[in-house]
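Encoded as structure tokens, the structure appears first; notes follow it.
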Amino acid sequence: QVQLVESGGGLVQPGGSLRISCVVSGLIFSIYDMGWYRQAPGKQRELVASITRGGTTNYADSVKGRFTISRDNAKNTVYLQLNNLKPEDTAVYSCKAQWYNENYWGQGIQVTVSS
């Protein structure tokens, strides 16, 4: 059974930082491309950052220079470091594992940026 479990979300003040994690089980993590998505209330889900199995990263323009995606294949984990957070970063963040047309999603965690 494939499972993706996110952790590390919460409430943070503007300008603050968080690191969220996604631990994956039930598949060969190292061959999957991984992505972090977010969905704010009333908005469509959007891709925040992705990292290929080879380590190539890609970011949404809105988070470039502030967020960093990384992966640890030994721990079957993908991370998203969120720095200089803004209120507009408030959303449910979900991780996705993709290998060709196979996609698996985590349940999502809340990140709230507010003073």
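The values are calculated or read from the model by the stated rules, or taken from the named source; none is laboratory data. On a predicted model such as this, the values are computed, not experimentally measured, just so you know. With ideal geometry, Cβ positions are generated from the backbone for all residues, glycine too; neighbour counts draw on all protein chains shown. With ligands, DNA and RNA removed, areas are computed over all heavy atoms of the protein, side chains included. Shrake-Rupley method; radii C 1.70, N 1.55, O 1.52, S 1.80 Å.
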Legend entry - Per-region count, the stretch 8-33, residues within 14 Å of Q81 (Cβ to Cβ), open to solvent by less than 70 Å² (accessible area, probe 1.4 Å) and not in a loop (DSSP other than H, G, I, E, B): 5
Inset, instruction - Report whether or not A97 is touching a Phe, Trp or Tyr at 6+ places or on another chain (Cβ under 7 Å), closer than 14 Å to E6 by Cα and open to solvent by less than 70 Å² (accessible area, probe 1.4 Å). - result: yes
Inset, instruction - Out of V92, V78, V113, report the one residue that is touching a residue at least 12 places away in the same chain (Cβ under 8 Å) and under 13 Å from A49 (Cβ atoms). - result: V78
